[in-house]
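Heads up: the structure comes next, in structure tokens.
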Amino acid sequence: METLESELTCPICLELFEDPLLLPCAHSLCFNCAHRILVSHCSTSKPLESISAFQCPTCRYVITLNHRGLEGLKRNVTLQNIIDRFQKASLSGPNSPTESRRLQPQRPYTATISGTIAGTIGGGGGTSGSSARGSPATSSHSHSHANHTNHVNHTNANHSPGVVAKMDPRISCQFCEQDPPREAVKTCVTCEVSYCDRCLRATHPNKKPFTSHRLVEPVPDTHIRSLTCLEHENEKVNMYCLVDDQLICALCKLVGRHREHQVSSLSERFDKLKAYQVSPGRVSDAVMEASKTSAAQTLENNLTNLVKRNSELENQMAKLIQICQQVEDEGEGGQMCRRGVIKVNTAMHEAKLVEECDELVEIIRQRKQVIAVKIKESKVMKLRKLAQQIANCRQCLERSSALITQAEQSLKENDHARFLQTARNVAERVAMATASSQVLIPDVNLNEAFDNFALDFSREKKILEGLDYLTAPNPPAIRDELCTASHDTITVHWTSEDEFSVTSYELQYTIYTGQTNFISLYNSADSWMIVPNIKQNHYTVHGLQSGTRYIFFVKAINQAGSRNSEPARLKTNSQPFKLDPKTAHKKLRLSNDCLTMEKDESSLKKSHTPERFSGTGSYGAAGNVFIDSGCHYWEVLLGASTWYAIGVAYKSAPKNEWSGKNSSSWVFSRCNNNFMVRHDGKEMLVEASLQLRRLGVLLDYDNNSLSFYDAMNSQHIHTFEISFLLPVVPTFMIWNKSVMILSGLPVPDFVDGVASDLQEQQQQQMGLCRQESPYLTGMKSCH
């Protein structure tokens, strides 16, 4: 009966057809629902009478109307008769399927509508026909009901779904006129009203159209009222648009802007976003993996991280409470701390403040005495100097006065003989006295006082005005753009706003393991290396692993404490290497720098060693390093060579056969116009440009992958997933021309982006690829 009822349900109103119209496409539609579709197309410039066509909500067929409009469509009399017989059968007794369904507790109305609409629209996939409408609706209803029940049981294991719905101890009848109203016995999800027994019998007789109403155990009003559409007034949302990620109604899908979008039923979207519990006994692992949506994975991951974060916050809060108890006074302080209020012990700090200020005052007093003594000593010294200058001036003045007196007497002599006798002597003495006047007159500085002895304490005053608590310096900032790296060193640069208050810096670093929670990573102190007492704003760390990511923190330290910078992820460059001459085939010629290898048919005299490639046609050479950790990138300049094989191999890989023909080597190979990857004798064709001139190789040993790239066009070619057991060495084979290697390179940005995308794709397709072989075992070898 339920399946039959789904076939008799209108795709618009989700009720049994009422006055059904027979559309030209053979589907049916309620007359009122068809009228609603036409009304939704109306506008100010387009009245109802001018609308001459609409789309079938089931198959999207365009229905053309004549001048009579909907009245011109035929009534589906047969369908109406079937509905009438169905309604009579449903009223035949209380044990009938319809009656039983009406009396059983059901899930919320919106979930039921979602299941029916999902079956009608076909999940947004364009399914048409009435047969496609019934089965999904029924299965969706059953599945959503099971999930709803599981959710309720999980919320409260001691209550049944019906009891949980009655969170309010008493749900009153919303139709009673008496005060207080009687207790409700049923809730009609169609009317969205709760009724007592008397009002239910009065408002819902056993005849059309009330027989199609759905009655459930009493639930609060907020549980049965569905959300309404934002674009179509009074229309309930009953499906989910996957393109715009929003709730929509049926009209949005039929005639609105979502009509070309892929949609899903609310119950289906609910199940995927909330949980995906697929029975392993009914579906394969591949289907289980494929059923997981990225949104659900993100939600679960965020929830897991949030739980971990809460645990860390609880531990952090416990530490803070412990510190708080140490800071608090005894007794009352402990109680305040337990209440979450931190009361600092100010008495100790006030005493310390008084002590420090008293010391400053004592220092000022002592300096005042010292400076006062200096002033007195300077005064005595200056007076002594001035007294000596006065005595010298007095002596010079006396000699000058005596000479002046003698000269005046000579000028008064009238006797020619006596004048001539004394005048020459007096003239010489006066001339000598005039010439040496600067020597005879003492150096007297009339302005010499205390001007060169100034008291300027402005700098000290500013320092005193800035007296305050010494706080820990602000966190420094690591400058990623200034940091440099080699294959075994990283130079870290940072800046600090409080450079003058920093006593020293401390650099901490460890290998980055992919852990996103830096707090947990920082608390694992055993794995951190520490470089203390750094005085500059940069430091070079030596002895690092090549091709490895590291996490760096910089700590700024002074007497008040320390603060850490934000973490920075820096990476060492790839391991540099050259071609090992001891491994080169005798028909290969290596350059002096061992970076270029060339095919040379002339047989060269080379001693045979176990490491040397020696097989017929195995014209290869290996690098001079073995790699057992890190992420390394190198490039091969292929030039005009059209026949080569490049990859990695274990040390135990045979040297008398082509690389990739055994289980110990993995290569990317070109044979004229064919590109392929090869391992363990199995080959698979891959797509690559015939203009490939620079091959990038990314060996991520820690993440068990080997990838090849077209370095010039930034395109990914292929990735091997390898569970490395031993160290590997780069290998190179050529059958014509020459190649050149460039090693020790940083990993390009486009390689990092492609690697992240590949990891996500591999996680999503892991289950689907378990039963498929990644190689074409039957392919004929190009060589």
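The values are calculated or read from the model by the stated rules, or taken from the named source; none is laboratory data. From a predicted model like this one, the values you see are computed outputs, not experimental measurements. When we count neighbours, we look across all protein chains shown, and the Cβ atoms used for this are built from the backbone with ideal geometry, even at glycine. The area values use the complete protein model at the heavy-atom level, side chains included, leaving out ligands, DNA and RNA. Shrake-Rupley method; radii C 1.70, N 1.55, O 1.52, S 1.80 Å.
At-a-glance table
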quantity	calculated
Dipole of region 186-272, positive direction: furthest Cα of 248, 261, 216, with charges on the beta-carbon	216
FRET efficiency for residue 412 and residue 363, using Cβ-Cβ distance with R0 set to 60 Å, rounded to 0.05	0.25
Separation in nanometres of the label points that stand 7 Å from Cα toward Cβ, at residue 656 and residue 354	9.6
Kirkwood-Stokes translational diffusion coefficient of region 477-571, alpha-carbon pairs, 25 °C, 0.890 mPa s, µm²/s	180
Simple label model, 7 Å out from Cα along Cβ direction - residue 624 to residue 528, nm	4.0
Rough spin-label spacing in nm, given labels placed 7 Å along Cα→Cβ, for residue 582 and residue 536	3.8
Segment residue 370-residue 405, length gained on full extension (0.36 nm per residue, minus Cα span)	7.3 nm
Extension reserve of the residue 246-residue 593 stretch, reckoned as 0.36 nm per residue once the Cα distance is removed	118.6 nm
Segment residue 32-residue 616, extension gain: residue separation times 0.36 nm, minus the distance between their alpha carbons	201.7 nm
Selection from 493, 533, 551, by position along the positive dipole direction of region 477-571 (Cβ)	551
Separation of alpha-carbon centers, region 464-506 and region 680-719, rounded to whole Å	42
Percent carbon-and-sulfur accessible area, region 588-764, ignoring ligands, DNA and RNA, probe 1.4 Å	47
Most to least accessible of 348, 597 (protein chains only, probe 1.4 Å)	348, 597
